[in-house]
């Protein structure tokens, strides 16, 4: 009898140990790293995620947003890389983590981290001051074609990102040599670009729609067109580039990566959390307010997507002459 009880006790201990090894949850404050200044797309994503996690009570620990701008995201991502094996450290990401590497400006790739989720996509806009003489994208393209040097275009946080690639594609499709365009790069991304455009330091910007939507609605900026494949119901009066005769459709997604070498249990925890998060009322209301569209992929799907997209962007950069 004693032997039987001992065996049962041992099996119970082993079972508890096994279950414990398969489960995980944060034991300290959760950090969401926005690798740019406040006001940009990465920052806004982190703050929407923070609000949703807290308001919907999806996590038990405190959630903070930490801004670490610089290097086109590299400063923030390098900080995250130093948190090896710690599941409480996450960062916003986008195609730039691939593009930086393909363009040779960073050694980091998504393989240095733990891809956790794609969360949203937004369409990219081209915007000018509200009193600019350009009423549509063709007006702007004609002005650039006539004198590219006279139309400085703001992009950020670095060349080679989606926003930059969009205007290169628009120019090429319009018969303009993309190499002639004049760019001013703002490392702080939207947080610096919007004030620069409002102040007249640049004539136009190519930027995520969510970063200029409120200024457009307030009549301070004018969105000339968007990279969507169909008109956007929340943006009346603004046509797609395709509808304006320039056959370019270009989405811009953002997601979340975790620290390197997160355990399967950590990945499962965040898969469960983000799967719930994107179904909540808070998340849906917040992304609609920003003009974003849901674009959820769990860790496995997102890792496969990143692998595929790396090949696509490699080909695109080579085509426009940015990658030899």
Contour minus Cα-Cα distance for residue 315 and residue 280 (0.36 nm per residue): 8.9 nm
What number, in percent, do you get for the relative contact order of the chain if the mean sequence gap of Cα pairs under 8 Å and at least 6 apart is divided by its residue count? 26
Enter the angle in degrees (range 0 to 90, nearest 10) between the Cα long axis of helix 299-319 and the first principal axis of the Cα atoms of the chain, meaning the one along which they spread out most. 30
Can you give me the P(r) profile for region 123-226? Cα pairs, bins 5 angstrom wide beginning at 0, each as a whole percent. 2, 14, 27, 29, 19, 7, 1
Could you give the angle, 0 to 90 degrees to the nearest 10, between helix 162-173's Cα long axis and the longest principal axis of the Cα atoms of the chain? 40
GNM on the chain, C-alpha springs below 10 Å: top fluctuator among 35, 178, 195? 195
Most fluctuating residue given options 106, 94, 227, as computed from a GNM of the chain linking Cα atoms under 10 Å: 106
Can you say what percent of the DSSP beta bridges in region 123-226, counting only those with both residues inside, are antiparallel? Round to 5. 65
Expressed as a whole-number percentage, the relative contact order of region 123-226 with C-alpha contacts under 8 angstrom and at least six residues apart is 48
Rounded to the nearest 0.05, what FRET efficiency do residue 177 and residue 66 give with R0 = 51 Å and r taken as the Cβ-Cβ distance? Could you check? 0.80
From the helices alone, meaning DSSP H stretches of at least four residues, give me the mean residue ellipticity at 222 nm for the chain, per-run term -39500 (n - 2.57), in deg cm²/dmol to the nearest 500. -12500 deg cm²/dmol
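Kindly identify region 93-135 as rounded, prolate or oblate by the Cα gyration tensor criterion: order the square roots of the eigenvalues as a ≥ b ≥ c, call it rounded if a/c is under 1.5, otherwise compare a/b with b/c, prolate if a/b is larger, else oblate.
Taking the square roots of the gyration eigenvalues as a ≥ b ≥ c, region 93-135 is oblate.
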In degrees, nearest ten, helix 2-22 long axis to first principal axis of the chain (Cα): 10
Can you tell me which of 292, 24, 42 moves the most in a GNM of the chain? Springs connect C-alpha atoms under 10 Å apart. 24
List the equivalent ellipsoid semi-axes of region 165-298 in whole Å, largest first, each obtained as the square root of 5λ for an eigenvalue λ of the Cα gyration tensor. 31, 19, 17
Residue 307 versus residue 27, label points 7 Å from Cα toward the beta carbon: distance in nm? 3.2
Using 0.36 nm times the number of residues separating residue 268 and residue 229, minus their current alpha carbon distance, what extension gain do you get? 10.6 nm
Separation between Cα centres of region 265-296 and region 221-254, rounded to whole Å: 24
In the chain the DSSP beta bridges are antiparallel at a rate, in percent to nearest 5, of 65
At a threshold of 8 angstrom on Cα-Cα distance, excluding pairs fewer than six apart, so keeping six or more, what relative contact order does region 72-172 reach in percent? 29
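Where a number appears in this text, it was derived from the coordinates with a stated rule and is not lab data. No experiment lies behind these values; they were computed from the predicted model shown. So basically every Cβ, Gly included, is an ideal-geometry build from the backbone, and we count neighbours across all protein chains shown.
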